[in-house]
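Shown next, in structure tokens, is the structure this report addresses.
The values are calculated or read from the model by the stated rules, or taken from the named source; none is laboratory data. Since the model is a prediction, treat every value here as computed from it, not as a measurement. Here the Cβ positions follow ideal geometry from the backbone for every residue, glycine too, while neighbour counts run over all protein chains shown.
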Amino acid sequence: MKRLFLSPPHMSGKEQEYIAEVFESNYIAPLGEFVNRFEDSIKEYTGAKNALALSSATAGLHLALRVLGIGRGDTVLASTFTFIGSVNCILYQGAIPVFIDSDESWNLSPKLLKKAIKELEVKPKALILTHLYGQMAKIEEIVSICKEHNIYLIEDSAESLGASYKGKQSGVFGDFGVYSFNGNKILTTSGGGVLVSPNKEWIEKAKFLSTQAKEPFLHYEHKEYGYNYRMSNVLAAIGVAQMEVLDKRVERKREIFEFYKEELSDIDEISFMPEIENSQGNRWLSTILFKKTDPLKVVEALEEVDAESRPLWKPMHLQELFKDAKSFVDGTSEDYFKRGLCLPSPTSSSNRELMRVVEAIRKVCQ
């Protein structure tokens, strides 16, 4: 019996062909044709004006803060219901995180965002907004709030490549956006990310910083410190092949979500993550809430049929690392964390295989 993972890699079939071209060219380092092609494919698909291929999405978030001049003592707002990689970059810059809770969309609450801006003694300089589990946040309202208060908006679209609002892709509404190509994302380069922005000068600055801030001399000249954050040509070749099948992967992810929803629709105990009006998520992971059932009992039942699952993200304001951080919360994300679960969502699996998940859940919830 094949194990059902949450979101394993799913190759297109072209990856090895493109990698062979990289080896033939001998451009193995963070230079080469496929890095350029990968960045171009992201721009073409998302509508982003500028793109920079990096070693991770976390690197992209870090560079965004650095380019925006955010440093020690500055206040940065962030979604609390997210993966820690979304917010560690705030600490890298010595800035101060302030966490904002979710609303019924599971994503950041515009209402609590307004409350935070009003009540904080210091004006926030930026907001890192996570589009959770591939679903768009209430982006129009959030963009409007950020513009009104002159707050930079950085979209953490690590989980939401292929998601859109009114036909516009996630990651291109703010000052910066970032996508992840980690091994568990909808597309993977094994590890990597892409930073996008409408501002060409900002992306050029990020590129400079991502290559150790080397000045344009024959010798190595440095006036400021940088990082080793660029993506290799080998991984970019994988990314080019993966981007060719993105629409198919989004389509299958959405089919998986609808399969689970239909098969479990008669169980009042269960509800699914919603999709805001005028949006289409990529349904990276199919996620559910239980009214009374202990999600950990479901995890145990799924393990018995060799299916991986995990709780929803533990909110950042509950993490020991951020115990002293300010937060504007109303219990929403804490409730979701206690009652929620991520289900196996592998695009390479059939509905017949996924039925093991459905049957295991039914046994617990009957």
Could you list, in sequence order, the residues of segment 1-24 that are outside any loop (DSSP other than H, G, I, E, B), farther than 19 Å from Gln242 by Cβ and touching a residue at least 24 places away in the same chain (Cβ under 8 Å)?
-> Leu4
What single numbered condition from (1) crowded, with 20+ Cβ neighbours inside 10 Å; (2) over 29 Å from Arg339 (Cβ atoms) fails to hold for Lys14?
-> (1)
Considering segment 86-97 alone, what residues qualify as being buried (at least 22 other Cβ atoms within 10 Å of the Cβ) and in contact (Cβ under 8 Å) with a residue 40 or more places away in the chain?
-> Ser86, Val87, Pro97
What pairs can you find where one residue is in segment 328-352 and on the phi < 0 side of the Ramachandran plot, the other is surrounded by fewer than 20 Cβ atoms within 10 Å (Cβ to Cβ) and among the β-branched types (Val, Ile, Thr), and their Cβ atoms are less than 9 Å apart, with a gap of 6+ or different chains?
-> Arg339/Thr293; Leu341/Val299
Which of the residues spanning segment 283-312 are in contact with a strand residue (DSSP E or B) (Cβ under 9 Å, 6 or more places away or on another chain), part of a loop (DSSP other than H, G, I, E, B) and closer than 24 Å to Ile84 by Cβ?
-> Leu285, Glu308, Ser309, Leu312
Within the bounds of segment 137-160, is there any residue that is within 17 Å of Phe176 (Cβ to Cβ), of a type in the set (Asp, Glu) and touching a residue at least 60 places away in the same chain (Cβ under 8 Å)?
-> yes
Residue match in segment 72-90 (condition: out of contact with any Pro (no Cβ under 9 Å at 6 or more places or on another chain), part of a loop (DSSP other than H, G, I, E, B) and within 18 Å of Met231 (Cβ to Cβ)) = no
Flagged pairs (Cβ under 8 angstrom, 6 or more apart or on separate chains; first in segment 27-39, farther than 15 Å from Ala241 by Cβ; second surrounded by fewer than 19 Cβ atoms within 10 Å (Cβ to Cβ) and of a type outside the set (Gly, Ala, Ser)) are Tyr27/Glu33; Pro30/Thr211
Might you check whether a residue that is within 30 Å of Arg249 (Cβ to Cβ), modelled with pLDDT of 95 or more and buried (at least 17 other Cβ atoms within 10 Å of the Cβ) occurs anywhere in segment 116-125?
-> no
Looking at segment 30-43, is at least one residue assigned by TED's automatic domain parsing to the domain that holds Val194, surrounded by 15 or more Cβ atoms within 10 Å (Cβ to Cβ) and within 24 Å of Lys147 (Cβ to Cβ)?
-> yes
Exactly one condition in (1) crowded, with 21+ Cβ neighbours inside 10 Å; (2) in the same structural domain as Ser164 (by TED's automatic domain parsing) is not met by Lys223; state its number.
-> (1)
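Matching residues to (1) hydrophobic (A, V, I, L, M, F, W, C); (2) crowded, with 19+ Cβ neighbours inside 10 Å; (3) assigned to a loop (DSSP other than H, G, I, E, B):
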position: Arg249; (1), (2), (3): no, yes, no
position: Ile256; (1), (2), (3): yes, yes, no
position: Lys261; (1), (2), (3): no, no, no
position: Ile267; (1), (2), (3): yes, no, yes
